[in-house]
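The values are calculated or read from the model by the stated rules, or taken from the named source; none is laboratory data. It should be emphasised that the depicted structure is a prediction, and the values quoted were computed from it without experimental measurement. As a convention, Cβ positions derive from the backbone with ideal geometry for all residues, glycine included, and neighbour counts pool all protein chains shown.
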Amino acid sequence: MIYIKEISLPKKKVLIQVEGRLDRASLPALRKVCLQHLEDGLKVQADLSGLHYVGMEGREFLLSIKGEIKLVGMSQYLKQLLG
């Protein structure tokens, strides 16, 4: 299960707070939110401090978007996982 909160920021930015599990079941929801904001031309920042599990599919998605989206609040484990 995943909880996603979107917070609009000044200067065409958005903060996406993510909590819970990022796995095969929850990944489509996060992917949709991230890609929609990118398509809208916003600068996206994802706060991953609330994630307590990242599956293989979640890891692959985060690796694929880390150049387009600023990933913050990562645990040491997640930082190593995304190397």
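Is region 2-13 home to any residue that is at pLDDT 95 or above, under 16 Å from residue 66 (Cβ atoms) and touching a helix residue (DSSP H, G or I) at 6+ places or on another chain (Cβ under 9 Å)?
Looking through region 2-13, none of the residues is at pLDDT 95 or above, under 16 Å from residue 66 (Cβ atoms) and touching a helix residue (DSSP H, G or I) at 6+ places or on another chain (Cβ under 9 Å).
Among 15, 22, 27, which is the only one that is touching a Leu at 6+ places or on another chain (Cβ under 7 Å) and either of a type in the set (Phe, Trp, Tyr) or surrounded by 18 or more Cβ atoms within 10 Å (Cβ to Cβ) (or both)?
After ruling out the rest, the residue left standing is 22.
Condition first: polar (S, T, N, Q) and either within 23 Å of residue 9 (Cβ to Cβ) or in contact (Cβ under 8 Å) with a residue 40 or more places away in the chain (or both). Can you find one or more residues in region 58-69 that meet it?
No.
If I go through region 60-78 residue by residue, how many of them are exposed (fewer than 15 other Cβ atoms within 10 Å of the Cβ), closer than 16 Å to residue 21 by Cα and either under 11 Å from the mean Cα position of the chain (by Cα) or not acidic (Asp, Glu) (or both)?
Of the residues in that region, 3 qualify.
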